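> What follows is a single structure, and I will ask about it in a moment.
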Amino acid sequence: MSVMIIIMSVLFIIFLFLIYAVLPTLVIRIFGLSIIQRISDERSIALTFDDGPDPDYTPQLLDLLKRFNVKASFFVVGEKVKNNPELVRRMHAEGHTIGIHHYHHISSWIMSPFKLREQLRLTEELITRCTNEKVHFYRPPWGHFNLFSLLVGRQYSIIMWNKIFKDWKTEVCKESLLEKLHANTEGGSIYLLHDSGVTLGADREAPKYMIEKLEKFLEESRRNRVAFISLNELYQLDKNTRVI
């Protein structure tokens, strides 16, 4: 009987997890509920970078973007903002958009709504100290949602992506990233890239090779007149609505 109770308890916990975490993520992402997966400007591409700021790679990335006069969007981790505020100030000074990527790089699947609210609040406070501006954008780590994510994050535009390249792996960056970037230059796309490799499942040096391939991509994009736009630029164009 005790074994049966344990089995039933485990099954009940799994059921609750599916209802609280996995099912909301599937429904929200499949049906696009209150999230943005493309931008409305069909002439441009939105470059977005997750998991920074990284003291080694983010400065290199900012140098590259500045050289090509490209404005991008960074979804930053609060504890990294706390440790590297000068990088966030530089992002802002150079015209990039800064959004929330939780205080710790933790999945919403394992957070209560109260913990999630705290993650957003702490990160927004740190960003605002660096920019003196309200934060408008949020992207949950791994694109994970829970049953309360849309309610807790309702004050933000939740930005997902429609082009992802697995650039957190060094091998992918070296062997196929440039080809994938070129193969997906569809206007209205949101590119997801990463400027830090210090996250679960990522390779520490992957951003080094991402930046190398991105440089070549930007060079060729300039020749081909591919346009890039930040989320703030889009927000200013359509700031009377939350739909980008």
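The values are calculated or read from the model by the stated rules, or taken from the named source; none is laboratory data. As the structure is a computational prediction, the values presented were derived from the model and not from experiment. Note that each Cβ is placed from the backbone with ideal geometry, even for glycine, and that neighbours are counted across all protein chains shown.
> List pairs: first in region 48-65 and surrounded by fewer than 16 Cβ atoms within 10 Å (Cβ to Cβ), second not in a helix (DSSP H, G or I), Cβ under 6 Å, 6+ apart or cross-chain?
Close Cβ pairs satisfying both conditions: PRO55/ASN84.
> Quick check on my filter: what residues within region 189-222 are without any contact (Cβ under 8 Å) to a residue 60 or more places away in the chain and part of a loop (DSSP other than H, G, I, E, B)?
Residues satisfying the conditions are GLY201, ASP203, ARG204, GLU205.
> If I go through region 35-55 residue by residue, how many of them are more than 21 Å from THR123 (Cα to Cα), modelled with pLDDT of 95 or more and either in a helix (DSSP H, G or I) or more than 16 Å from the chain's Cα centre (by Cα) (or both)?
Residues that pass the stated criteria total 1.
> So GLN119 fits all but one of (1) within 21 Å of THR199 (Cα to Cα); (2) more than 17 Å from the chain's Cα centre (by Cα); what number is the exception?
The failed condition is (2).
> Out of GLU118, GLU125, GLU133, I need the residue that is surrounded by fewer than 21 Cβ atoms within 10 Å (Cβ to Cβ) and farther than 17 Å from PRO85 by Cα. Which one?
Of the residues listed, the single one that is surrounded by fewer than 21 Cβ atoms within 10 Å (Cβ to Cβ) and farther than 17 Å from PRO85 by Cα is GLU118.
> Considering every residue within region 73-80, establish whether at least one is β-branched (Val, Ile, Thr), within 15 Å of the chain's Cα centre (by Cα) and at pLDDT 95 or above.
yes
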